[in-house]
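So the structure is just underneath, and the comments pick up after that.
Derivation of every value follows stated rules applied to the coordinates shown; laboratory data play no part. On a predicted model such as this, the values are computed, not experimentally measured, just so you know. Please note: Cβ atoms are built from the backbone with ideal geometry, for glycine as well, and neighbour counts cover all protein chains shown.
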Amino acid sequence: MSEDKQQKRNIPELRFPEFSGEWEEKKLGDLGEYLKSYPFSRAKEGKGKYKHIHYGDIHTKLSGKIDSSESLPSIMQGSEFTVVEKGDIVFADASEDYADLGKAVMINFSDDNVIAGLHTHLFRPIKYLAPDFLVYSTNTEKYRKHITKEGNGISVLGISKTNLSKFKVLLPSFKEQQKIGDFFSKLDRLIELEEKKLALLEEQKKGYMQKIFSQELRFKDDNGNEYPKWSIKKIEDISKVNKGFTPNTKNDEYWNGEEQNWLSIAGMTEKYLYKGNKGITEKGALKHAKVEKNTLIMSFKLTLGKLAIVKKPIYTNEAICHFEWKNNNIDTEYMYYYLTSINIKTFGAQ
């Protein structure tokens, strides 16, 4: 590497025009101090003076900045604690996978009664480190690689303060840190607003589905005439219901096929499915037929009533059934939404 390139290695490719110069590399441990966190389990939650930030909530509910303490759970403890301050960073130091290990949130409120809870590291940045810039730095591939390298454990993973502190942060001037933090905060706000709009549309959709399938709301044809009255049919009257299979998991000749052509419930993650989540071989298929393209499938064991439409022929396991319509008058899209509108889980108790 030339001397010129070596000197410019810490200059970002995309930058606000008013800033220049190289960013400085610092270890996280040199940019602040760790304060005490408290290992209170969920069993300690209840009415009390203090609230806590549990690592499980960092994984599932909290992200980026915490703007208010209102949604945080209280704990039934009355002693004096080291509380979080505005600008503090709370890291989750435990997780079942590397994707959430080391996840960080920034305290963006002033409240004298909130503590860092179970499996967390409480970090207080020094004055020339913008805390929101640090949080966004933990969303990078570089940070995730560091966590994967320095984390340890088998069923439950952990990251120590010592290993977390080794992470090397590239720091611009404080003003540039603030500018970058503000930029991403605005993007987060836009995303939050769009997610709220999406949630409202989902609720509106549910309302329409209930009205349409209860026939409270009816469409008319192009001539303004009423459609014929609906008829009530049993599933067995309109469809054959077949289930899939699972090859012997102890036989290696049946598994690890070249394509993901076999589906379990875990792979039913979208409405439309273009592949399975595992691959079986021709021997593993044992002359079973694939579920055909544009077929409606449904989980009916363990997880009841999960629905999807197959967009490419695949095999499924025995916990998934598929519907073969007995005539061409049944629309798969309609049946997907009709079955979505009813609580199929209640049938499992009958």
A chain fully extended from residue 215 to residue 194 at 0.36 nm per residue, minus the present Cα-Cα distance, gains in nm 4.4 nm
Here, chymotrypsin sites (Phe, Trp or Tyr not before Pro) of the stretch 77-145 satisfying both criteria (DSSP loop; at most 12 other Cβ within 10 Å) are 128
Plugging the Cβ-Cβ distance of residue 186 and residue 14 into 1/(1 + (r/R0)^6) at R0 = 25 Å yields, to the nearest 0.05, a FRET efficiency of 0.95
Given the candidates 227, 39, 208, the one whose Cα lies deepest towards the positive end of the charge dipole of the chain, counting +1 at each Lys or Arg C-beta and -1 at each Asp or Glu C-beta, is 227
In terms of the alpha carbon gyration tensor, root eigenvalues a ≥ b ≥ c, rounded if a/c is under 1.5 and otherwise prolate when a/b exceeds b/c or oblate, the stretch 279-343 is oblate
Exposure-ranked with fewest Cβ neighbours within 10 Å first, 66, 265 stand as 265, 66
Counted neighbours (other Cβ, 10 Å), sorted fewest up, put 303, 246, 120 in the order 303, 246, 120
Restricting to aspartates and glutamates and to Cα separations under 18 Å from residue 287, and discarding same-chain partners fewer than 8 apart, the set is 252, 253, 258, 259, 318
Subtracting the Cα-Cα distance of residue 226 and residue 85 from 0.36 nm times their residue separation yields 44.4 nm
Links exceeding 31 Å between C-alpha atoms in this model, out of 205/275; 61/127; 211/326; 168/271; 197/326, come to 168/271; 197/326
From fewest to most C-beta neighbours within 10 Å, the residues 150, 176 line up as 150, 176
With the 8 Å Cα cutoff and a minimum separation of six or more residues, the chain has a relative contact order in percent of 13 percent
For the stretch 183-258 the chymotrypsin sites (Phe, Trp or Tyr not before Pro) that pass both the DSSP coil test and the at-most-16 other-Cβ-within-10 Å test are 219, 230, 245
